[in-house]
Amino acid sequence: MMYQQIFVGVDGSPCSDMAGDAALALTAGGRGRCTGCHVYAARMHRQRFEDMEPGLPGQYQEEERLDDLRATHDDLISGGMALISDAYLAPLAEKAAAQGIPFEPVIAEGRGYVEVLRLIRERRPDLAVLGATGHGQTPEVPLGGLAERVLLYAGTGDLLLVRRPWSLKNRPVVVGVDGSDASYAALERAASIAAAHDTPLEAVAVYDPFFHSAVFPVIAGALPEEAQRRFNFPAQEQLHDEIIDRGLEHLYRRNLERGAALAQALGARVHTAVVAGRVCPQVHHYAAARGAGLLVLGRYGLHREEGSLIGSNTLNLARMSTTNVLVVAPRETPVTVPDLPRDAIPWTPEAEQVLSRVPPFARKMARMAVEEHVRARGLSRVTEDAVRDVARRSGRGGGQDAGP
């Protein structure tokens, strides 16, 4: 699961230097290959010079003199930038040679993000590594324009955005897990990195039980009184509080337990946590509190739409995180996640009939909540009375003809 082909962009900035170190550290323990790339924009500088020509002093406006200036400028820019590119790549080449890692320097001319994307698409590395910011770093822009464009549009391989020196010593790898195929691919990659660097793995799942509490009053205020009575807001809120939210927590915890079994099979020391709240801020705060050396995220989450470039939580975490962020591309073949052994609880036909009246979007979570209720009471099967007991606790009634 370690990387065999790594592509790293360099520009001489502090984050770029740290990106180079990270790339070498992840090159399959010295068994992979690394390509270092620098892009320079000679044509852009030439165009800027031409744009400035009308404003030059009169003695430089003669065509012959302008031609001499243009030639001198072109020689300085083209030759000088090529020398700068070599100077940026040389230290990384020396480090690779010292570690016995095959290294290929690549120099390209053009717009930075355009050329980097072109080279990534042509070479299809297992991993691309970039500094999160370049020479134009400012506190107000935590993710540089080149890095963000590559994050958005280079979706076929993994991408590491580097903000701090690469070191996992005494710093855990934190990975977000939501039960999607993409999150399990991220977990698999994170577990391999943690095991290879002998560092702990922290797997965190975040579910949001508070969203409906904020939205329901807004909906209620927008509906006329008769519609409010038909919608039955108190019952809907109870349904979420007692069944859906508890079912969500149970679902995420179950997915996390399956992920932990996968990580342990890969040799990682894993700790799991289920956290309530909004996904992006909670994962960010969790990674910061744990002092993570690396945050690993799937490119997409559970609710991916066709045509989406990247999940919103992953994009926002890549922007706001204060540590290094690895975004893992989806696998062509989904990761095989172990099923946890658990005794199945049979449902009577009458219980299934009552459950069928729960809205489809909430049915799976309601089933989990009812089964949790039955297991907690040491019962051997789910009966109609058990379902109605949970329904009564959620404020959904429970009379002879009532359903949840």
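Remarks
- The one condition in (1) within 30 Å of Gly291 (Cβ to Cβ); (2) hydroxyl-bearing (Ser, Thr, Tyr); (3) modelled with pLDDT under 85 that Thr323 fails to fulfil: (3)
- Residue in segment 16-24 that is part of a loop (DSSP other than H, G, I, E, B), out of contact with any strand residue (DSSP E or B) (no Cβ under 7 Å at 6 or more places or on another chain) and modelled with pLDDT of 65 or more present: no
- Count - residues of segment 169-202 that are touching a strand residue (DSSP E or B) at 6+ places or on another chain (Cβ under 9 Å), part of a loop (DSSP other than H, G, I, E, B) and of a type in the set (Asp, Glu): 1
- With a requirement of 1 or more residues that are farther than 30 Å from Arg164 by Cα and open to solvent by 30 Å² or more (accessible area, probe 1.4 Å), the helices (runs of 4 or more DSSP H) lying completely within segment 260-358 that satisfy it span 349-355.
The values are calculated or read from the model by the stated rules, or taken from the named source; none is laboratory data. Just so you know, these numbers come straight off a predicted model, no measurement behind them. Cβ coordinates were reconstructed from backbone atoms using ideal geometry, including for glycine residues, and neighbour counts include every protein chain displayed. Quick note on the areas: whole protein, heavy atoms, side chains included, nothing else; ligands and nucleic acids left out. Shrake-Rupley method; radii C 1.70, N 1.55, O 1.52, S 1.80 Å.
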